[in-house]
2 protein chains.
Amino acid sequence: MASTEAPASKAAAAPPPPPPRRGGSTLGDLVLRFLLFASCVVGVVVMVTSKQTELIPIPIPPFLLSRSAKFNHSPAFIYYVAALSVAGLYSLITTLVSFFALLKPNCYPKPVFVIFDVLFLGILASATGAAGAVAYIGLKGNSNVQWRKVCDIYDGFCKHIGSSVAVSLFGSIVLSLLIILSVSALAKRIPK
Amino acid sequence: MASTEAPASKAAAAPPPPPPRRGGSTLGDLVLRFLLFASCVVGVVVMVTSKQTELIPIPIPPFLLSRSAKFNHSPAFIYYVAALSVAGLYSLITTLVSFFALLKPNCYPKPVFVIFDVLFLGILASATGAAGAVAYIGLKGNSNVQWRKVCDIYDGFCKHIGSSVAVSLFGSIVLSLLIILSVSALAKRIPK
């Protein structure tokens, strides 16, 4: 009798195995999603507030012409603002969902979020590339096709564009990191 | 005795549950990776062979000047060719690994591939965005900063650039699809 009771008492003493989690949110996930949201908002605000007006000399010497540089003079910058706005809205929604999932696990649809994250990474990276390419032409010009640089005149405008592209690049890296962490978390929960 | 034998025989008749697969390759995965490789190669070849030489009239009327348009006149196109070349090499390696994994399951490191896929999606999408933005300026020009269009002179060059960007966009979509399918496959194998 004693020999049969011993395993039973051992089993009662051992804690039950934790139930498998259905993709709960983590604090890291929440922080990265908030960083993504912040970088999208900063990127859009810095780009939209980049307007600069300068007096440009015209061929008749004593006269100067007032000309403005605005982000909506370039289709690439318009695409950039649109892409960052949509990504910002998405990241705000996912930040809120991630926050509530911290309070209430088992309600966090991680695989669905990873799929949307991938789509938004494509959009964000292409917008960053497009804005960066146009900004580079504005900075350096292109002598082969006689596209002159504009950053020697509109320096403040170019500083805004450059900062915005840098922030957006940071956002793309955060989003990549978010996807990689989510995939790693999913892979860890697959039984060997 | 008969009542105790019946469940035993049932258990013997039922097929044993299949062992959990450690992220095997599928035919769809192989086809998508090959498509990605093909689109990278086509994108690079079409971009690199885009050189066009035209006779441009100069201010003194009877004389014409021979000028060439080449992809390496623009840093965005150079970045594009570099990005697509690296992505093409990566997709060749993963296509081969995916092919051998079809013959030998249990050797396919899917989570590792998903992580690299995410990085290459960022690179490919940004390169497509950069090349597309410069190509758009070449096509339409930008009157606000007096960047004149070049596609009215170098039409063949612009056709090459446009086709290459379209192929690269297709490659980016294939890569997104590949990541989404991999994540779905990983998510399905998590116990409820």
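What are the radius of gyration and Dmax of the stretch B:23-188, computed over its Cα atoms and given in Å?
Using the Cα atoms of the stretch B:23-188, the pair Rg, Dmax is 19.9, 72 Å.
When B:ILE173, A:ILE58, B:ILE137 are ordered from fewest to most other Cβ atoms inside 10 Å of their Cβ, what list results?
Values: B:ILE173 18, A:ILE58 11, B:ILE137 26.
Going from sparsest to densest Cβ surroundings: A:ILE58, B:ILE173, B:ILE137.
What do you get for the angle between helix A:155-188 and the principal long axis of chain A? Use alpha-carbon atoms, 0 to 90 degrees, nearest ten.
Helix A:155-188 sits at roughly 20 degrees to that axis.
Based on the alpha carbons, how large is the Rg to Rh ratio for the protein assembly as shown when Rh follows Kirkwood?
Values: Rg = 28.0 Å, Rh = 24.2 Å.
Reported Rg/Rh, Kirkwood definition of Rh: 1.15.
Lys and Arg at +1, Asp and Glu at -1: add these up for the other residues within a Cβ distance under 15 Å of B:PHE116 and post the number. It would help to have the intermediate numbers written out before the result.
Working: positive: B:ARG33, B:LYS110; negative: B:ASP29, B:ASP117.
The answer is 0.
On C-alpha positions alone, give me the angle between the axis of helix B:110-140 and the longest principal axis of chain B, in degrees, nearest 10.
The helix B:110-140 is inclined about 20 degrees to chain B.
Can you tell me the relative contact order of the stretch B:80-164? Whole percent, Cα pairs under 8 Å, sequence separation 6 or more. Before the final figure, lay out the partial values.
Details: 44 pairs, mean separation 20.8, N = 85.
Reported as a whole number, the value is 24 percent.
Rounded to the nearest 500 deg cm²/dmol, what is the calculated helix-only ellipticity per residue at 222 nm for the protein assembly as shown, with -39500 (n - 2.57) per DSSP H run of length n ≥ 4?
Numbers: 10 runs with 256 residues, N = 384.
Calculated from helices alone, the mean residue ellipticity at 222 nm is -23500 deg cm²/dmol.
Going through the cross-link list A:LYS51/B:LYS159; A:LYS104/B:LYS188; A:LYS70/A:LYS140; A:LYS110/B:LYS110, which pairs have a Cα-Cα distance over 26 Å in this structure? If you can, show how the numbers build up before the last one.
On the way: A:LYS51/B:LYS159 34 Å; A:LYS104/B:LYS188 22 Å; A:LYS70/A:LYS140 18 Å; A:LYS110/B:LYS110 18 Å.
Too far apart for the 26 Å limit: A:LYS51/B:LYS159.
Using a 7 Å offset from the Cα along the Cα-to-Cβ direction at both B:ARG148 and A:ILE153, what is the distance between the two label points in nm, to one decimal?
The modelled label-to-label distance comes out at 1.7 nm.
Nm distances between the label at A:PRO191 and the same-position labels in the remaining copies, 7 Å along Cα→Cβ, shortest first?
0.4
Restricting attention to the stretch B:49-100, which trypsin sites (Lys or Arg not before Pro) occupy a DSSP loop and are surrounded by at most 16 other Cβ atoms within 10 Å? Kindly include the intermediate steps, with their values, before the conclusion.
Values: sites: B:LYS51, B:ARG67, B:LYS70; in loops: B:LYS51, B:LYS70.
When the trypsin sites (Lys or Arg not before Pro) of the stretch B:49-100 are filtered for loop state and at most 16 Cβ neighbours within 10 Å, B:LYS51, B:LYS70 remain.
In degrees from 0 to 90, rounded to the nearest 10, what is the angle of the helix B:75-103 Cα long axis to the longest principal axis of chain B?
Here the helix axis deviates by roughly 20 degrees.
Given H placed on each backbone N at 1.01 Å, which residues far from A:ARG189 in sequence or on other chains put an amide H within less than 5 Å of it?
none
What ranking of A:VAL118, B:VAL150, B:VAL31 emerges when the number of other C-beta atoms within 10 Å of each C-beta is taken as an exposure proxy, fewest first?
On the way: A:VAL118 26, B:VAL150 22, B:VAL31 14.
Ranking A:VAL118, B:VAL150, B:VAL31 by Cβ neighbours within 10 Å, fewest first, gives B:VAL31, B:VAL150, A:VAL118.
Treat the count of other C-beta atoms within 10 Å as a stand-in for reagent exposure and order B:LEU65, A:LEU178 from fewest to most.
Values: B:LEU65 9, A:LEU178 25.
Lowest count first: B:LEU65, A:LEU178.
One decimal, nm, shortest first: give the distances between the label point of A:SER66 and those of the same position in the other copies, each label point 7 Å from Cα along Cα→Cβ.
For A:SER66, the other copies' label points sit at 5.1 nm, shortest first.
What gaps in nm, shortest first, separate A:LEU55 from its twins in the other copies when you place the label 7 Å past Cα toward the beta carbon?
4.8
Please report how far the C-alpha centroid of the stretch B:26-91 lies from that of the stretch A:136-160, rounded to the nearest whole angstrom.
Centre-to-centre (Cα) distance: 24 Å.
We did not get these values from a lab; they are worked out from the coordinates using the rules stated. Keep in mind that this is a model prediction, so the values were computed, not measured. Every residue, glycine among them, receives a Cβ derived from its backbone with ideal geometry; neighbour counts consider all protein chains shown.
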